[in-house]
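For reference, the structure discussed in these notes is given below.
Taken together, the values in this text are just the output of simple stated rules run on the coordinates, not laboratory data. Computed from a predicted model, the values in this text were never measured in an experiment. So basically every Cβ, Gly included, is an ideal-geometry build from the backbone, and we count neighbours across all protein chains shown.
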Amino acid sequence: MAGNSKPRGAVRGSKKGPSSGSGGNNKRRLEGKGPTPKAEDRPYHAAAKRKKAAEKGTTKRTGTSSPRAGASPRGRSEKPKGEIVSGRNAVLEALRENVPATELIVARSIDVDDRVAESLKLALHHGLNIREVHRAEIENINANSQGIILAIKPYQYSSFQEIAERASHPMMIIALDGVTDPRNLGAIVRSASAFGAAGVVMTERRAAAMTAAAWKTSAGAAARLRVAQVTNLARTIEDAQKLGCFVVGLDGESDVTLSEMKVARENLMIVVGSEGKGLSRLVREKCDLVVSIPIMATTESLNASVATAIAMFWVDEQRRKK
């Protein structure tokens, strides 16, 4: 009948029978929650993960993050502070001579031969930190490293005052006027230790320093003998003279020979000139005496370290005589 009919769609039919509405209880669920976030802003979306990874890589390149201890971005390892010794032979020799070092850096892909194996053994014996890095990182420090680098501690210099205060009497101090070869410096330090010198004094500028090469040549004497750097050698000579030292310069052109020197038993400062120019004019003028070492006419001159060793040997011989 027309009056009893119900409009279609008023009640949803289902197999389970008709169901009614929520009565407005789910109204909030239907409210809008704003625009849909971008894919890169959704935490679990692949685009968001790619964005996060890109930001992480940028942070590493700019250095704003704190990398894990002992780790460094591949190919961007920072060069150790101070001097380095690189190459299998050089590293092994430095470790054998007990050159003060901070760490041994080895490439992960290195071919371990006898030299590398001994270097690792010596590093462990000396208690050094051994760090493995990628080949690219070690080549970034030194391209000719052969996969192994030794970081050297900065040398701790003494002062002229410390050398003079601790010297025995009669004292003997060696002063270097512009010696530039670190191997000559190391050889002089070795000879000075052997012949009882109180120490070696050298200039800060335009002269060799106590590098790894000097350490190796000294054969460990650099750890026993005091070495000082001074800004003005002429002024240091004056200070030595005030302390009662007789200052003797070595110069191949002097008419006075070493054997004619009569002050071997006095407090001495022996001054050695550079490999090429010898004593500088001002330093030569400050010396109380300048002597030469007689040599064959066919030989142009003696090496600086050899001349110094001969002079110290002669002084030591004179002092041993009664």
Fill in: Residue within the range 295-307 that is loosely packed, with under 15 Cβ neighbours inside 10 Å, more than 16 Å from VAL247 (Cα to Cα) and touching a residue at least 60 places away in the same chain (Cβ under 8 Å) present
yes
Screening ALA192, ALA164 for residues that are in a helix (DSSP H, G or I), farther than 18 Å from LYS277 by Cα, more than 28 Å from the chain's Cα centre (by Cα) and not polar (S, T, N, Q) leaves only ALA164
Filter the range 210-267 for residues that are basic (Lys, Arg) and assigned to a helix (DSSP H, G or I); the one that is surrounded by the fewest Cβ atoms within 10 Å (Cβ to Cβ) is LYS242
Restricting the range 158-171 to residues that are out of contact with any Cys (no Cβ under 9 Å at 6 or more places or on another chain) and of a type in the set (A, V, I, L, M), the one farthest from GLU317 (Cα to Cα) turns out to be ILE163
Filtering the range 271-295 for residues that are in a strand (DSSP E or B) and within 19 Å of PRO182 (Cα to Cα) leaves a count of 5
